[in-house]
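The structure appears right after this line, and notes come after that.
The values are calculated or read from the model by the stated rules, or taken from the named source; none is laboratory data. Predicted model only: the values in this text are computed from it and were never measured. A quick note on method: Cβ atoms are made from the backbone with ideal geometry, for glycine too, and the neighbour counts reach across all protein chains shown. SASA here: full protein model, heavy atoms, side chains in, ligands and nucleic acids out. Shrake-Rupley method; radii C 1.70, N 1.55, O 1.52, S 1.80 Å.
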Amino acid sequence: MLSRTADSLYWVSRYVERAEYLARILDATTRLTNLPTTYGGAGTEWQSAVLTAGCEEAFAKAYAEANERNVCDFLTFNPDNPSSIRNCLAQARSNARAVRTALTSEMWDALNGAWLELQRFEKKRMDREEFARFLDWVKNVSLVFDGSAYRTMLRDDGYWFSRLGVYLERADNTARILDVKYHVLLPADEQVGGSLDYFQWTTVLREVSALTAYHWVYREAVKPILVADLLVLNRRMPRSLAACYENISRFLDALGDAYGRQGPAQRQARKTLANLSNTRIDDVFEHGLHEFIEEFITENNRLGNTIFEQYLQ
């Protein structure tokens, strides 16, 4: 496969996954700000959305304040934000069109139809209810595209590069959504483990579609250490960091076997997977969950660079 074809397939999947992540972040932030007024929060919810999206510098140049209107505009339709939902879907469609013959018709229809529908959303003046429907629509676009790829693509190097894009982006996104809790501060008169803390951790679970799974696995009230265990180390949870790296290693190994050569990307992925397998959640909390997530995001980005150098340039 030509490297430019592999690169386009890889980035189509990453951009679609990123658009879904931004929708989940905005949905989580909206839920946190919809608490009763008696809560008296610390007012960090919208700033947390910018921080966890990783675009605080670009946002600061465009807006003076991180409020609902500015953050929603920046992360959804702003053409000057390279990582807005609009630009993610535009880039996904552009990459897909460049390798149209490498996609199935179902995958192209999912992306092209989403782009046309996005134009109608962009022209609307949306209240909170309409905005919530828009975020649900973005999440559904990702589900349809991901499902069409899984159901219709031939299992060859094109599929493997596409899946690498999905799981590298998903690992980054899960880590960042988990880190939302670090950036959303509790008011001074609220204690860790209190009702507000419980609501915030429940929101994190809800936004990665893991609330039901949590209760199936642990069968008890929501606790921070168990939420982290599910989203970091539990391989049965599809969005967990461990599950993502299990898939990343599998698809990199498939590429290595197909091309007759293993390389630094395979070794790096196996190392990260081994580290996750040998880590206990108690050790993560002792080290610091936020610090652990920051280190993981750095390593995940480093693997992305290694994959680019080994296969995509």
Check: So which of S48, S83, S142, S94 is among the hydroxyl-bearing types (S, T, Y), assigned to a loop (DSSP other than H, G, I, E, B) and assigned by TED's automatic domain parsing to the domain that holds S3?
Finding: S83
Notebook entry, point to check: Are any of the residues in the stretch 162-174 free of Cβ contacts under 8 Å to residues at least 12 places away in the same chain, under 22 Å from L2 (Cβ atoms) and not assigned by TED's automatic domain parsing to the domain that holds Y15?
Noted result: no
Check: Inside the stretch 168-188, can you point out the residues that are at pLDDT below 85 and in contact with a Pro (Cβ under 9 Å, 6 or more places away or on another chain)?
Finding: K181
Check: Looking at G147, G158, G165, which one is modelled with pLDDT of 90 or more and in contact with a Phe, Trp or Tyr (Cβ under 8 Å, 6 or more places away or on another chain)?
Finding: G165
Note to self: For T33, only one of the following conditions fails: (1) touching a residue at least 60 places away in the same chain (Cβ under 8 Å); (2) over 21 Å from E122 (Cβ atoms); (3) open to solvent by 30 Å² or more (accessible area, probe 1.4 Å). What is its number?
What the structure shows: (1)
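What are the residues in the stretch 234-261 that are open to solvent by 30 Å² or more (accessible area, probe 1.4 Å), more than 14 Å from the chain's Cα centre (by Cα) and closer than 24 Å to F285 by Cβ, if any?
R235, R236, E246
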Next item on the list: Return the total of residues in the stretch 93-127 being in contact with a Ser or Thr (Cβ under 8 Å, 6 or more places away or on another chain) and among the hydrophobic types (A, V, I, L, M, F, W, C).
Entry: 6
